[in-house]
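Undergrad: Got a structure for you, written out below as structure tokens; questions coming shortly.
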Amino acid sequence: MSPSIKRPRSDGRCVHCRGVASTKDHVFPDSWYPESTLRDVQRWTVPSCSNCNRDLGLIEKEVFVRLGLCVNPAKVTATGISKRVVRSFGIGVEDLDEDEARIRAALKNEVLKSAKPYSDEAKPHLLPGIGPHPEALAEQQLQIDIPADKLYEVARKIARGCEFWFSNGRIVESPYQIEIFFAHQAHVPDVVRMFSHFDAFHLGPGFRVRRGVAHDEPLSAIYEVVIWDSLIFYATILVPTPGPVALHETG
């Protein structure tokens, strides 16, 4: 059996825009769960309005097809992800009608038009946990551009959803703000050591979340989120204060 958390009670608001909730949104997009996910794994959802659910779904798809091309398909934690991306391009899918085939072909062309051979010049911009696969020559691999604004939006959405579940239905509101940091673990060893003291919560093999909170400030929280045992990002939920932050964004 997989560990689970009792579903928090909703106050009827959308966790994203704080309007009236009319549907549910997956914290980790449903299509992002690897095929190796067991049936009893919780697939967290949060209250959402239809507009946020629709708009975030489109952003998630745009990010997914790019990240899914970059993750190592041999990883158990990412089983079926790359295959799912290929199918979204219409490759190997039979009986598509003309309109759907055209939509999928357009998606494939949009994603691949920016692809180019990997270069060491891209190293400063690599996402943590996503980079050249060691089992193949770097010069034989491609680099894929991922829109930064959309990647950050998906990360903030995941952080909002995690906080809803870990903090008894909390919706993050002003003056608290969510900040996202993509930092290679080698560059933030103190942060890595700090999170090693926190319990890890696994939503199947695809997602791992660690949450820390200060005893004297229970509404402030920090998160480490690992997707497919590959992409790593950190999130803070804090009242903004002047001055530098502990994590340094890269790429």
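FYI, it's all coordinate maths here, none of it is from the lab. The structure presented is a predicted model; accordingly, all values stated were derived computationally and were not measured. When we count neighbours, we look across all protein chains shown, and the Cβ atoms used for this are built from the backbone with ideal geometry, even at glycine.
Undergrad: All other residues with a Cβ under 9 Å from the Cβ of PHE198 taken together, and with Lys, Arg as +1 and Asp, Glu as -1, what is their net charge?
TA: Within the 9 Å Cβ shell, the charges total 0.
Undergrad: By the scheme Lys and Arg +1, Asp and Glu -1, what is the net charge of all other residues having a beta-carbon under 11 Å from that of ILE103?
TA: -2
Undergrad: Now for a separate question. Based on Cβ point charges of +1 for Lys and Arg and -1 for Asp and Glu, what charge dipole magnitude is obtained for the chain about its Cα centre, in debye rounded to the nearest 20?
TA: Using Cβ point charges on Lys, Arg, Asp and Glu, the chain gives about 580 debye.
Undergrad: Top mean-square fluctuation among ALA235, ALA74, ALA183, Gaussian network model of the chain, C-alpha springs under 10 Å?
TA: Comparing ALA235, ALA74, ALA183 in the GNM, the peak value goes to ALA74.
Undergrad: Any idea how far apart SER119 and ASP99 come out in nm if each label point goes 7 Å out from Cα toward Cβ?
TA: 4.2
Undergrad: Now a separate question. What are the GluC sites (Glu not before Pro) within the range 1-94 that DSSP puts in a loop, where the Cβ has at most 13 other Cβ atoms within 10 Å?
TA: In loop regions of the range 1-94 (DSSP not H, G, I, E or B), the sparsely surrounded GluC sites (Glu not before Pro) are GLU35, GLU94.
Undergrad: If you take the square roots of the eigenvalues of the alpha-carbon gyration tensor of the range 1-117 and sort them as a ≥ b ≥ c, do you get rounded (a/c under 1.5), prolate (a/b over b/c) or oblate?
TA: It is oblate, given that a/c is not under 1.5 and a/b is not larger than b/c.
Undergrad: Based on DSSP H runs of at least 4 residues, each adding -39500 (n - 2.57), what is the mean residue ellipticity at 222 nm of the chain after dividing by all its residues, to the nearest 500 deg cm²/dmol?
TA: That calculation yields -9000 deg cm²/dmol at 222 nm.
Undergrad: For the range 13-74, just say rounded, prolate or oblate: build the C-alpha gyration tensor, square-root its eigenvalues into a ≥ b ≥ c, call rounded for a/c under 1.5, and beyond that prolate if a/b exceeds b/c, oblate if not.
TA: oblate
Undergrad: Based solely on C-alpha atoms, express the radius of gyration and the Dmax of the range 140-248 in angstrom.
TA: Spelled out, the Cα radius of gyration and Dmax of the range 140-248 are 14.4, 52 Å.
Undergrad: Compare the Cα positions of SER22, SER82, TYR234 along the charge dipole of the chain (+1 at Cβ of Lys, Arg; -1 at Cβ of Asp, Glu; about the Cα centre) and return the one farthest towards the positive end.
TA: Looking along the dipole axis, the top candidate is SER22.
Undergrad: Continuing with this model, one more query. So what's the net charge close to SER36: Lys and Arg +1, Asp and Glu -1, counting the other residues with Cβ under 12 Å from its Cβ?
TA: Net charge around SER36: 0.
Undergrad: Under a GNM of the chain (C-alpha, springs under 10 Å), which listed residue has the highest mean-square fluctuation: GLU139, GLU98, GLU110?
TA: Evaluated over the chain, the most mobile residue of the options is GLU98.
Undergrad: Shifting gears a bit: Between PRO29, PRO240, PRO132, find the one with the highest GNM mean-square fluctuation for the chain; connect C-alpha pairs within less than 10 Å.
TA: PRO240
Undergrad: Still on this structure: Please work out the FRET efficiency for the pair SER10 and GLN141, using the Cβ-Cβ distance as r and a Förster radius of 45 Å; give the result to the nearest 0.05.
TA: After rounding, the FRET efficiency stands at 0.55.
Undergrad: Does the range 90-164 classify as rounded, prolate or oblate by the C-alpha gyration tensor (a ≥ b ≥ c root eigenvalues; a/c under 1.5 gives rounded; else a/b over b/c gives prolate, otherwise oblate)?
TA: Since a/c reaches 1.5 but b/c is at least a/b, the shape of the range 90-164 is classed as oblate.
Undergrad: Right, here's the next one. For the chain, with equal point scatterers placed on the C-alpha atoms only and solvent neglected, what are the log10 I(q)/I(0) values from the Debye formula at q = 0.15, 0.17 1/Å, to two decimals?
TA: These q points yield log10 I(q)/I(0) values of -1.19, -1.48.
Undergrad: Helix by helix, which DSSP H runs in the chain go 24 Å or more along their axis at the Cα atoms and have an average Kyte-Doolittle hydropathy of -0.5 or more?
TA: Span-like helices in the chain: 50-70, 148-166.
Undergrad: Which is the longest part of the chain that has none of the trypsin sites (Lys or Arg not before Pro) sitting in a DSSP loop with at most 10 other Cβ atoms within 10 Å?
TA: Here the longest segment lacking exposed loop sites spans 114-251.
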